[in-house]
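Okay, structure first, notes after.
Coordinate-derived values only; no laboratory data. Predicted, not measured: the structure shown is a model, and the values here were computed from it. Here Cβ is always computed from backbone atoms with ideal geometry, including for glycine, and neighbour counts include all displayed protein chains.
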Amino acid sequence: MSISHPRASLLGAVIAILPLSGSMAHEIVGNRFFPATLGIDDPGVNDELSLPTVDSFKTGDVPPVRQRDVSGEFSKRITEDFAVSFGSTYTFLSSMDLTVPGANGFQNLETTFKYRVFRDPAHEFVMSVGLNIEWGGTGAQNVGADPFNTYSPMLWFGKGFGDLPDTFSWLRPIAVTGQVGYAIPARNFTTTSGIDPDSGDLTTDTEFHPRVVNWGVTIQYSMPYLKSSVVDLGLPEFFNHLIPLVEATLQTPVANTLTSGTTTTGTINPGVLWVGNKYQVGIEALIPINRQSGTHVGVIGQLHFYLDDIDPHGIGKPIFGGAVQPASPFARN
């Protein structure tokens, strides 16, 4: 028996689903608006649509593979504190080795169940828990979609610094969000059989599917918060809609790692959001943290719609109970 290496890098497989596991909702806690971000999910539950999210980057494979993804995600509140989201990604792969053919196809469908367990408006703090399911066999294996389910218990949090004293008023627009998930494949390993072309002997290759901690954090500076809750600098209105931020999206294999290793991979993503009343636009760079994470800087962009603002009495309202989402104190302007 021989041990085979995965067809694609771990980072490539994870980035393919990043638009699905992130950017699901926006959240308002006291004076704090937590926007949808592109790399990790934000800590709230709301009715929203991300369409499209697009990215382009080179994986850490040898030779590297150029990967481009186009994805969409729809999130719907069932109650005021509970939401379900559905997402899909279409992937294009092209090898830097011209003798190797490219591939394209859908990644596995994903569903995320998310429940907000705590919200403290005075301290601008919110926390949610949930479960993400990647439905095996719904995507194309030639782009890395697994034939088995993967289950990921999740934790999200967000903290704004609007409760700082006046001495640190310029730091009040800062917010931090984060998430931690533990990906558990339904299958520990996959064994495939074949025939050695030289000897004619039967061969078996085994690929182990690791359990992975997917974790990340964002640091944001909200210009809307600065204008509405700290000081109005008289800037052109365009700048009052911006939220500069830096995200880190990281993956660490922690169990069943015989073929994957335990090296942490991921990207640091500096970027900016432009936030409107009913939608937002975001763009970030994807900077690999090491050679295993990729070989060049990539890019990700997204158009994101607030359905609870577009149609607050229809599709943007919880199915059961709950009032219409109150407007932000600074109305996202």
Sort ARG32, ARG119 so the one with the fewest other Cβ atoms within 10 Å of its own Cβ comes first. ARG119, ARG32
Options HIS241, HIS296, THR111, ranked by Cα towards positive dipole end of the chain, top entry (Cβ charges): HIS241
In nanometres, the difference between 0.36 nm per residue of separation and the alpha-carbon distance of ASN290 and ARG187 is 34.3 nm
At 222 nm, what value in deg cm²/dmol follows for the chain if DSSP H runs of at least 4 each add -39500 (n - 2.57) and the sum is divided by all its residues, to the nearest 500? -500 deg cm²/dmol
TRP170 paired with ALA140, simple spin-label distance in nm, labels 7 Å along Cα-to-beta-carbon: 5.2
Loop-resident sites, region 223-317, for chymotrypsin sites (Phe, Trp or Tyr not before Pro), counting at most 10 other Cβ within 10 Å (DSSP): PHE238
Correct choice for percent of Cα pairs over 32 Å apart that was computed from the model, options (i) 40; (ii) 27; (iii) 31: (iii)
List, in the order given, every pair from LYS159/LYS278; LYS159/LYS227; LYS58/LYS114 whose Cα-Cα distance in the structure shown is over 26 Å. LYS58/LYS114
Residue with peak Gaussian network fluctuation, the chain [Cα springs, cutoff 10 Å], from ASP196, ASP97, ASP41: ASP196
In nm, to one decimal, how far is the modelled label at ALA255 from the one at PHE239, with both set 7 Å along Cα→Cβ? 5.1
Would you look at the GNM of the chain, springs on alpha carbons closer than 10 Å, and say which of ILE243, ILE283, ILE319 moves the most? ILE319
